[in-house]
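Structure record follows, encoded as structure tokens.
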Amino acid sequence: MSSYPQFFRVRQHFEAPRVEDVPGEVERQLAALRLSQRIKPGQSVAITAGSRGIANIKEIIRGVVQHMLRLGAQPFIVPAMGSHGGGTPEGQTQILHDYGITEPYCGCPIKASMETVIVCQTAEGFPVHFDRHASEADHVFVVGRVKPHTDFVGDIESGLMKMMLIGLGKHEGAKVYHRAIQDYSFGQILRSVAGEVLKKCHIVGALATLENGYDQTAKLAAVLPEELEAREKELLLQARQWMPRLPFKKVDILLVDELGKNISGAGMDTNVVGRKKNFHGPSPDEFPQVKRIVVRGLTEATHGNASGIGMASFVTTRTLRATDMVKTRINCLTSGHTSAAMLPIDFESDREILDAALPTIGLTDPPHAKILWITNTLEIAEVECSAFYLPEAKERPDLEILTPLRSLAFDSDGNLSSCHALGTAK
């Protein structure tokens with residue numbers, strides 16, 4: 001196949017509130033909780049840090065630590081990331097270090113362990129696991145991003161309560177809870193386990209972070225434990241409103257430069273690529289409607305964990321070579337989401353993938369194919385779009401056309417540059 005569409009680049013204009021002074025806002029939010037009435041000098045406080053690529057996360061965690069130190073407390077950080085990092089303390093500590101969350105920077109110890117204590121049994125009859133180091137602290141302070149979940153739909157999805165469930169449950173807890181979700185609804189298990197944790201595990205407060213469509217910190221909200229469930233419902237509604245989306249609803253091929261656990265728990269955000277209801281294709285009432293997803297690589301920060309690769313129809317062979325199948329299997333088996341580890345068709349070069357993928361989209365001739373090209377599902381403020389979309393883009397006030405139409409450029413191995421590099425071409 002010799003002909004491909006030409007491409008142009010657009011910038012999307014999202015609603016974009018932004019926290020300009022992140023450390024200052026962390027302090028303002030925590031000061032409003034008046035934690036000095038609950039935390040006494042000399043008491044220990046475990047602060048959670050997860051595995052997601054959250055904007056300004058190292059500054060946020062450091063801000064929480066500094067506030068606790070000003071109270072005279074003895075804070076420490078615990079990795080709260082279920083089975084991520086290969087399910088090892090060293091792997092989870094390395095993930096934090098990659099985000100800049102280190103003991104020297106934050107000013108307190110990091111205590112990483114996969115050991116848990118069993119707090120109690122839920123009403124459904126399974127054990128509640130809780131990080132051992134956190135269980136030994138006088139208080140636990142939860143930090144997490146609130147956003148729509150990649151698999152489940154409800155009035156509470158991915159956020160603070162899930163952090164108390166999956167994150168602090170470590171590998172053992174995550175295995176149990178994901179098994180329970182096969183028999184009960186996500187909402188029921190979330191409330192059942194989080195309710196027990198709130199009653200028995202010394203949760204002293206939480207800090208939620210929300211992001212805008214440009215992957216920037218849009219809001220920080222500190223919450224007391226007794227208000228947590230109600231506030232998280234409100235915050236999810238706000239997060240859903242600010243969530244970024246692809247610029248067009250019908251897509252033949254979506255090229256994705258990188259997949260990774262730091263991008264999304266699902267590797268790619270299913271809310272963005274239209275795979276929340278059906279992992280292997282769009283549901284009739286789900287948008288965007290993306291026929292084929294192509295994954296070109298993994299993020300460095302994912303450390304070979306390619307969970308979510310099963311969403312793709314095609315993948316470069318170099319992506320498979322970069323995949324740590326042990327980490328990927330552990331994560332997917334723990335979550336009970338086995339299809340996330342299924343391997344798509346692979347080819348050595350991008351050119352081979354396009355030549356194989358274009359005939360699978362239907363009767364559309366290649367130059368007229370509807371193709372979008374993104375770096376990852378967090379960074380979609382700017383998108384490469386095939387020529388088919390240009391007439392609509394010219395009429396859309398929310399889209400700014402950045403480049404003229406230009407042809408794809410391949411290197412001697414038949415591979416494309418990154419979409420950001422293409423964006424600078426004239």
### Selection within segment 340-388 - among the polar types (S, T, N, Q) and over 21 Å from Thr317 (Cβ atoms)
Thr364, Thr377, Ser386
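Rundown of residues vs (1) closer than 25 Å to Cys332 by Cα; (2) of a type outside the set (A, V, I, L, M, F, W, C); (3) assigned to a loop (DSSP other than H, G, I, E, B), yes/no style:
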site	(1), (2), (3)
Ile60	no, no, no
Met68	no, no, no
Gly72	no, yes, yes
Pro75	no, yes, no
Leu96	yes, no, no
Cys108	no, no, yes
Met114	yes, no, yes
Glu124	yes, yes, yes
Phe130	yes, no, no
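Here's the yes/no breakdown for (1) among the hydrophobic types (A, V, I, L, M, F, W, C); (2) in contact with a Gly (Cβ under 7 Å, 6 or more places away or on another chain); (3) under 23 Å from Asp98 (Cα atoms):
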site	(1), (2), (3)
Tyr177	no, yes, no
Leu220	yes, no, yes
Lys233	no, no, no
Gly274	no, no, no
#### Entry: Selection count where residues are in a helix (DSSP H, G or I) and closer than 13 Å to Ile156 by Cβ, scope segment 199-237
10
### Task
May I ask you to verify whether Ile345 is hydrophobic (A, V, I, L, M, F, W, C) and more than 21 Å from the chain's Cα centre (by Cα)?
yes
### Message
Against the condition in a helix (DSSP H, G or I), in contact with a strand residue (DSSP E or B) (Cβ under 9 Å, 6 or more places away or on another chain) and not small (Gly, Ala, Ser), how does Glu25 come out, does it pass?
### Response
yes
### Query
If you scan segment 150-193, which residues turn out to be in a loop (DSSP other than H, G, I, E, B), of a type outside the set (Asp, Glu) and within 30 Å of Met68 (Cα to Cα)?
Ile156, Gly159, Leu168, Gly169
### Summary
Result of the Cβ filter at 6 Å on segment 161-177, keeping first residues that are over 25 Å from Glu227 (Cα atoms) and in the same structural domain as Leu236 (by TED's automatic domain parsing) and partners that are of a type in the set (Val, Ile, Thr) and not in a helix (DSSP H, G or I), at least 6 apart or interchain, is Glu172/Thr116
## Note on the structure
Residues in segment 348-397 that are aliphatic (A, V, I, L, M) and over 26 Å from the mean Cα position of the chain (by Cα) total 11
### Task
Among the residues of segment 311-363, write down those that are farther than 27 Å from Ser412 by Cα and of a type in the set (Lys, Arg).
Lys327, Arg329
### Filter result for Met81 (in contact with a helix residue (DSSP H, G or I) (Cβ under 9 Å, 6 or more places away or on another chain), crowded, with 24+ Cβ neighbours inside 10 Å, more than 23 Å from Arg34 (Cβ to Cβ) and among the hydrophobic types (A, V, I, L, M, F, W, C))
yes
### Task
Please indicate, with yes or no, whether at least one residue in segment 264-284 is crowded, with 20+ Cβ neighbours inside 10 Å and in a strand (DSSP E or B).
no
### Enumerated helices (runs of 4 or more DSSP H) restricted to segment 331-424, each holding at least 2 residues that are at pLDDT below 95
419-423
#### Entry: Given (1) more than 25 Å from Tyr389 (Cβ to Cβ); (2) out of contact with any helix residue (DSSP H, G or I) (no Cβ under 8 Å at 6 or more places or on another chain); (3) at pLDDT 90 or above; (4) not polar (S, T, N, Q), number of the condition Glu258 does not satisfy
(1)
### Task
State whether the residues of segment 295-314 include one that is touching a residue at least 60 places away in the same chain (Cβ under 8 Å), surrounded by 23 or more Cβ atoms within 10 Å (Cβ to Cβ) and closer than 18 Å to Thr150 by Cα.
yes
### Task
May I ask you to verify whether Leu259 is assigned by TED's automatic domain parsing to the domain that holds Glu400 and hydrophobic (A, V, I, L, M, F, W, C)?
yes
### Query
How many residues are within 30 Å of Leu408 (Cα to Cα) and either in the same structural domain as Val78 (by TED's automatic domain parsing) or of a type outside the set (Val, Ile, Thr) (or both) when one looks only at segment 1-48?
13
### Message
List the residue pairs whose Cβ atoms are under 7 Å apart, where the first residue sits in segment 132-144 and is more than 17 Å from Gly50 (Cα to Cα) and part of a strand (DSSP E or B), the second is at pLDDT 95 or above and among the aliphatic types (A, V, I, L, M), and the two are 6 or more positions apart or on different chains.
### Response
His139/Ile39; His139/Val45; His139/Val204
### Task
Go over the candidates Arg62, Arg52, Arg28, Arg34 one by one and state the one that is without any contact (Cβ under 8 Å) to a residue 12 or more places away in the chain and either under 26 Å from Tyr214 (Cα atoms) or buried (at least 23 other Cβ atoms within 10 Å of the Cβ) (or both).
Arg28
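The values are calculated or read from the model by the stated rules, or taken from the named source; none is laboratory data. Please read all numbers here as calculations on a predicted model, not as lab measurements. So basically every Cβ, Gly included, is an ideal-geometry build from the backbone, and we count neighbours across all protein chains shown.
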